[in-house]
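Worksheet for the structure shown next.
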Amino acid sequence: MLIRRILLLAFFCGYLHAQEEIPMQDSVPSPLIIDPVPEAAVAPEPIPVSLDSIPQGFSAQIQRNQPPPPAEEPPPPPPEPKVALPPPSPPPPPVKAPLYRFYEDYLDSVVIFARNVLPGKQNFETKKALINEEKPAPKGEYEKQSDYDKRIAGFDGEKQKKIRALEKEYAADEKSRMEKLRAAVNYKPDLQPEWAGILKQDTTAEGYEERIAKLAGKISFMGTKTANVEEILTNLGLLGKKDLETLNRKNRIYMARLDRARELMRDYILQEQAKVLSTERTKFDMALGAYDPEKEQFQVNMNDINSKTVPFDYVGFIKISPSAAQEINRRTDDFLGSVDYINYPFIVNGEKLFPGTKKADIYYKDKAVPSTGVFRNVASFENAEGYIEWAMRADSLISGKVKPRKLDSLYAMKRELPKAAKQAKAAPAGTWWERNKNIVRGSLFVLAAAGTGVAVWQNIEADNKVKKMNENDWYNKTAQAIVDKDKDAYNRYSKEYDDAVKKVRSHEDMRNGFYIGAGVFGFTGILSLAF
C-alpha cells in the first residue's frame, strides 16, 4: 500500500509540473455548448512553442504526428544559351591593279602577271596527267574477290572526281590571276615615261645632242619590248581583242611621247643656237675713212679677226655731224663697239668660236651713233674644213629661215597619237613584206644609184658657180665700192655677189641632200637582204 501511494504521489506531481509548462486556455468550452464567434472578432495570434519546453515524450509524439515536409522540387534547368552564328563572310573586294610611277613599271607588271598565269596552267596540266596515269593496286593476298571487283569498278570514278576537284581549284586560281592581268592591262591613269629630268631645258646644245642619242637608244629598245609583250599575250591567248587593242593603244601613245621628246630636244638645240648674245663694249681695231659732209657719214671699218671668242670683220658707215667730224678728225680714241652674235659655234682645233655675227653697235663718247654696214667673212675661215656647211646654217639662223618652234616639255608629255599612226590601217604582220620585198629591194638600189648621180652633177655645178664667182670677183668689187662710196656700184655688185652665193649654196644643198639620200637608200637596201 505504501508503495502504491508513493507511485501515485510521484505521478500526480509530475502531471502538475507538466500543466505548468504547457499553457492552456483559461476555460475549456463544453462540447455541447459552443458560443458563436462574432464576425468582427479576430483570432489571437498563436504563441510559438519551443520543442525544448515540451517533455521528451510529448516532443517525440508531436514530431511523429507532424506531416512530412514537402519534397523540394529541383530548380528548372537554365535556358541553353543561343549560339551566335558567325556573320556571313563579305564578298571579296574587286581586284585592283597596283599603282605605278612610270609606264615602264606598268609594262613590266603586265609581263609579270602574264608569266604568273603560265606556270599555273602548266602545273595544272602536270597534276592532271599524274592523276590520269594512276593505276589501281593489284589484288591483295587477303582481299576478297568481291571487294577487289568493287574497288576496280570505282577506280575510274575516283580519278574523275579528283580531276574535277583539281579543275575547280585551278579555275578559281586562274580567275584570280586573269583578273589581275586584265586589271593591269586596263589601268586607267595616264602614265608618263620615266623622263628622269630629260625634258628640262637646262643644258647646252651638246647636252641636248647627248639626250637625243639616249632617246634614240630607248626608242629602239622599247619599240622591241612593246612589240614582244603584245606578241606574248597574243600567243598565250590570255586576253580578248578589246584588251589587246587597249594595250596596243597605250604602247603607241608611249612611243609617240618618246618621238616627240626627241623633237623637243632638236627644238631646244635650235632655241639655244638662235640665241642672240652680245659682246661687252670694247675698243676694237677701228679705222675711219673718208667723210661725206652731204650725207654726214664716215666710212668705218671695225674688226677683231684674231679674237678667241667672236672674230668678225665689219665695214659700213656711221652718221656723224660735220662739227663732230671735225672734232674727231678720224681719231678713234673715243669710240667703242659691241657686236651681237648667235650662239652657234664653229669649232676650230677643238675651240669654240662664234663668227655668226648679226649686228654691230658703235658708240662715241658712250653714246650710240647710227650705223649701217655688213660683216665680211673672216679670211682665215674660208678654207677651214666644214666652214661652208657651218656658214649655210648660220645664215639660215640669222635670217630666220630656220627658227625654233619654242616648244616646251608639255609637247612631249601630251596624250596624243601621231597622225600617221591614227590613219594607218592594221595589216597582218609580215604578209606585205613577203609579197613585196624583192620590189622594195630593187627600188632602194635604183634610188641609191640615181641619188648618187644627181649628187655628183650638183657638185660639178657648185664648183662651176664658185669658179665663175671668183672670176667676176663680185666680193672685192663690192668692198671697193664701199671704199669709193659708189652706191650704185655697191648695189649692183652686192646683188651679183648675193645671187652667186645663193646659187652655190643651192647646188651644195642639193648635192648634200642627194648624197645623204643615196647613202640611206643603199644602206637600207643592203640591210633588207637580211630579212
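Of note:
- For the range 450-531: relative contact order, % (alpha-carbon pairs under 8 angstrom, 6 or more apart): 48
- For the range 280-320 versus the range 330-350, the gap between their alpha-carbon centres in whole angstrom: 11
- The listed residues Ser307, Ser176, once ranked by accessible area (1.4 Å probe) with the largest placed first, stand as Ser176, Ser307.
- Taken over the alpha carbons of the range 327-372 as equal point scatterers, the Debye sum produces base-10 log I(q)/I(0) values at 0.19 Å⁻¹ of -0.70.
- Taking 1.306 mPa s as the viscosity and 10 °C as the temperature, the Stokes-Einstein diffusion coefficient of the range 198-315 based on its alpha-carbon Kirkwood radius rounds to 81 µm²/s.
- Computed extension gain for Leu99 through Ile152, at 0.36 nm per residue and net of the alpha carbon distance, reaches 13.6 nm.
- Computing Rg and the Kirkwood Rh from the Cα coordinates of the range 264-356 gives a ratio, Rg/Rh, of 1.12.
- Ranking by accessible area, most exposed first, for Asp156, Asp190, Asp499 with a 1.4 Å probe: Asp156, Asp190, Asp499
- Put simply, the range 466-527 fits an ellipsoid with semi-axes of 40, 9, 6 Å; these come from the alpha carbon gyration tensor as the roots of five times its eigenvalues, largest first.
- Stokes-Einstein diffusion of the range 347-396 at 4 °C, 1.567 mPa s viscosity, Kirkwood radius from Cα pairs, rounded to a whole number: 99 µm²/s.
- Distance distribution note for the range 153-211: the fraction of Cα pairs above 14 angstrom is 75%.
- Over 20 Å (Cα to Cα) - which of Lys180/Lys414; Lys188/Lys214; Lys180/Lys241; Lys359/Lys401 fall in this group: Lys180/Lys414; Lys188/Lys214
- Residues whose placed amide H lies under 5 Å from that of Ser307, excluding near-sequence neighbours: Phe312
- Kirkwood Rh and Cα Rg combined as Rg over Rh, evaluated for the range 197-245: 1.27
- Placing Phe346, Phe221 in order of accessible area, with the largest value first and a 1.4 Å probe, yields Phe221, Phe346.
- Shown here: the range 173-256, whose C-alpha atoms stretch 54, 24, 20 Å along the first, second and third principal axes, sorted largest to smallest.
- Charge sum, other residues only, whose C-beta stays under 13 Å from Pro136's C-beta, Lys/Arg counted +1 and Asp/Glu -1: -2
- Calculated diffusion of the range 440-489, Stokes-Einstein form, Kirkwood radius summed over Cα pairs, 4 °C and 1.567 mPa s, µm²/s: 93
- Filter on Lys139/Lys162; Lys308/Lys467; Lys200/Lys403 - keep pairs with C-alpha separation over 25 Å: Lys308/Lys467
- Here the scattering of the range 115-256 is modelled by Debye summation over its C-alpha atoms, one equal scatterer each and no solvent; at q = 0.09 Å⁻¹ the log10 of I(q)/I(0) is -0.54.
The values are calculated or read from the model by the stated rules, or taken from the named source; none is laboratory data. This one's a predicted model, so the numbers in the text were calculated from it and none came from an experiment. When we count neighbours, we look across all protein chains shown, and the Cβ atoms used for this are built from the backbone with ideal geometry, even at glycine. The area values use the complete protein model at the heavy-atom level, side chains included, leaving out ligands, DNA and RNA. Shrake-Rupley method; radii C 1.70, N 1.55, O 1.52, S 1.80 Å.
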